[in-house]
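Every number in this text was worked out from the coordinates using simple rules, so none of it is lab data. Note that the coordinates shown come from a computational prediction; the quantities given were computed from them, not determined experimentally. Neighbour counts run over all protein chains shown; Cβ positions are idealised from the backbone, glycine included.
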Amino acid sequence: EPEVRNTIDNNTLKTTWTEGDAINVFFGASESSRFVTSQSGEVAQFKGSIDVVTGGGEGLTDDTSLWGIYPYDSRNTCDGSTVTLSLPAVQEAAENTFAVGLFPQIARSWNFYMTFYNLCGCIRFTVANSDIRYVTLSGNNGEAVAGQARISMEGTPAVEDILSSETKLTMYAPDGGYFKPGIDYYFVLYPTSFPKGLTITYYKDTSVASYVHPNAYTLTRNKVVRFKNRDSGLTFEN
């Protein structure tokens, strides 16, 4: 079953819709319409307005499909065959979940029932030190991990092209403070292969240290991996 919503349960990794969630809906190559739900749960009804031509009220009359994108953004587009969206490189921190509106999902349907599929993967991390202000993540070979991308949808979503790439993710501790030891935080990134590994860098007020994972690694769509307390034992330098 696809895990598809905007709040993740830190123990089961199941995700659910939250009241107030909004999505883009496109009818083929069209302007976006904004649909909103007043419900919470694994299934929710979204309401909005869009012009479509239907047959008998149950389905679309030709090969033109409905597309959905979560989270809603007025800059998201659809050309009828792909959609374009952006994943931010500076990501908000939230305790034991990803930030609201951060985790993109895509749907394509020939009726008004839409099943959303996760586009990205997550790197879940914890810190051992109590004075970490912010954390960055990047590939050791300059891989694109965020930015504007063109997405296709044949069964499940796939990144067709990175139109404007970001090679480093940055996450600041909530409320201008410090990350809490033992709490999980989530980087969200496009499915990425790291042939030379990746680096996580931890910043204190006046010093910094990096954990380097030198081995080749691939993060696939809909996967969550954990890097636990990799700041432990590092030498922080000014």
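If the Cβ limit is 8 Å and pairs must be 6+ apart or interchain, which residue in the stretch 81-99 that is touching a residue at least 60 places away in the same chain (Cβ under 8 Å) and on the phi > 0 side of the Ramachandran plot pairs with which residue that is outside any strand (DSSP E or B) and among the hydrophobic types (A, V, I, L, M, F, W, C)?
Pairs that qualify, where the first residue is touching a residue at least 60 places away in the same chain (Cβ under 8 Å) and on the phi > 0 side of the Ramachandran plot and the partner is outside any strand (DSSP E or B) and among the hydrophobic types (A, V, I, L, M, F, W, C), are Asn96/Ile183.
Would you pick out the residues in the stretch 109-128 that are part of a strand (DSSP E or B) and farther than 30 Å from Phe236 by Cβ?
Across the stretch 109-128, the qualifying residues are Ser109, Tyr117, Asn118.
Have a look at Val188, Val159, Val145 and point out the one that is farther than 25 Å from Lys228 by Cβ and among the β-branched types (Val, Ile, Thr).
Val159
Test Arg221 against the stated conditions and say whether it is in a strand (DSSP E or B) and in contact with a strand residue (DSSP E or B) (Cβ under 9 Å, 6 or more places away or on another chain).
Here the answer is no, as Arg221 does not meet what is asked.
If I filter the stretch 77-100 down to residues being part of a loop (DSSP other than H, G, I, E, B) and in contact with a Pro (Cβ under 9 Å, 6 or more places away or on another chain), which single residue comes out as surrounded by the most Cβ atoms within 10 Å (Cβ to Cβ)?
Ala93
Provide a single number: the residues in the stretch 224-238 that are assigned to a loop (DSSP other than H, G, I, E, B) and exposed (fewer than 12 other Cβ atoms within 10 Å of the Cβ).
The number of residues fulfilling the criteria is 3.
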